[in-house]
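Take a look at the structure set out below.
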Amino acid sequence: MKIGNLILFNSLETIEEKFKIQNNSGFNSCQLCCWNMSFLTDEVAEFIKALCKKYNVEISAFWCGWSGPAVWNFYDGPKTLGLVPAEYREMRVKELMLGCDFAEKIGVTDIATHMGFIPEDPNDPNFKPFCDAVRAVAEYAKSKNLWLLFETGQETPTAMLRCFEEVGTDNLGVNLDTANLILYGKANPVDALDVFGKYVRNLHAKDGCYPTNGKELGRETKIGEGKVDFKALFKKLKELGYDSDVTIEREIGGEQQLIDVNESKKYLEKMIEEA
């Protein structure tokens with residue numbers, strides 16, 4: 001398994017420095033995450049490809065955001081996140097298709113995103129229209145030979161699997177965020193592999209704790225200080241034949257983020273070897 005890091009592409013002025021830091025820290029793999037639709041142009045794609053070549057960094061997946069409100073809690077999250085809220089769905093479908101175009105331009109085969117709080121009840125009147133929207137993006141991605149990955153977190157593993165079955169395309173996969181399943185109180189990431197393990201194509205190595213109240217997500221932590229059993233996780237992934245990228249995500253800023261990421265790299269290498 002190749003360990004990489006998440007690069008947040010939020011500024012044209014700072015993106016080269018982020019690639020340089022990746023190279024200096026010994027990473028040659030990353031996921032590129034972008035929430036700014038204005039960056040998804042031919043010119044920027046060429047710039048990103050040049051940075052990859054200059055700093056010897058390969059992008060394993062393009063993580064595509066979308067516009068409109070995004071509130072990361074249990075009350076406003078279901079109303080604002082992903083393709084679930086009907087009022088933002090059409091716009092976000094188009095934006096994810098734009099993300100597919102950008103992924104193709106930078107030579108990446110996987111595009112990932114958060115789809116939102118997928119209804120647990122398949123009889124929910126919002127479930128089928130949501131799946132129809134996912135299918136539209138998935139079919140567009142397939143026309144470009146791309147995989148569309150759901151990042152875990154806001155839905156139970158079973159709800160995600162049910163959506164895959166309803167959509168019915170053969171290019172849906174999972175970006176397993178090891179902490180999000182815990183932070184949202186939805187599942188244990190090791191056990192979740194029993195449900196969707198065969199679909200995992202990339203993962204965010206992240207750690208955290210379960211929620212302690214009914215409104216807010218659990219607390220993200222440095223890798224090794226939360227509830228994720230990484231040794232058991234990698235053991236199960238190996239049993240499933242997974243040998244792809246492991247992308248570190250640490251959701252803090254400043255110098256401490258890089259310190260934690262570099263320490264996490266060593267920790268994960270040890271867990272992978274021992275699993």
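Structural remarks
- Gly218 fulfils the conditions (1) in contact with a strand residue (DSSP E or B) (Cβ under 6 Å, 6 or more places away or on another chain); (2) more than 18 Å from Met1 (Cβ to Cβ); (3) touching a residue at least 40 places away in the same chain (Cβ under 8 Å); (4) not basic (Lys, Arg) except for a single criterion, (3).
- A residue that is touching a Pro at 6+ places or on another chain (Cβ under 9 Å), touching a residue at least 60 places away in the same chain (Cβ under 8 Å), at negative phi and in a strand (DSSP E or B) occurs somewhere in the range 174-187.
- Among the residues of the range 144-173, those that are in a helix (DSSP H, G or I) and in contact with a strand residue (DSSP E or B) (Cβ under 8 Å, 6 or more places away or on another chain) comprise Met160, Cys163, Phe164.
- Verdict on Lys128 being part of a helix (DSSP H, G or I), surrounded by fewer than 19 Cβ atoms within 10 Å (Cβ to Cβ), of a type in the set (D, E, K, R) and in contact with a helix residue (DSSP H, G or I) (Cβ under 8 Å, 6 or more places away or on another chain): yes
- Here the helices (runs of 4 or more DSSP H) wholly within the range 1-116 that include at least 3 residues being crowded, with 18+ Cβ neighbours inside 10 Å and touching a Ser or Thr at 6+ places or on another chain (Cβ under 9 Å) are 86-105.
- Tabulated pairs, the range 25-38, first at pLDDT 95 or above, second aromatic (Phe, Trp, Tyr), C-beta under 6 angstrom, 6+ apart or interchain: Gln31/Trp63; Leu32/Phe9; Leu32/Phe62; Cys33/Trp63; Cys34/Phe9
- Cβ separations smaller than 7 Å between residues 6+ apart or across chains give the following pairs from the range 251-263 residues that are touching a residue at least 12 places away in the same chain (Cβ under 8 Å) to residues that are outside any loop (DSSP other than H, G, I, E, B): Glu251/Glu220; Leu258/Ile21; Val261/Asn5; Val261/Ile248.
- Qualifying position, being surrounded by fewer than 17 Cβ atoms within 10 Å (Cβ to Cβ) and not hydroxyl-bearing (Ser, Thr, Tyr), among Leu258, Leu268: Leu258
- Only listed residue being surrounded by 24 or more Cβ atoms within 10 Å (Cβ to Cβ) and in a loop (DSSP other than H, G, I, E, B), chosen from Ile223, Ile252: Ile223
The values are calculated or read from the model by the stated rules, or taken from the named source; none is laboratory data. As the structure is a prediction and not an experimental result, all values here were calculated from the model. We place every Cβ from the backbone using ideal geometry, glycine too, and count neighbours over all the protein chains shown.
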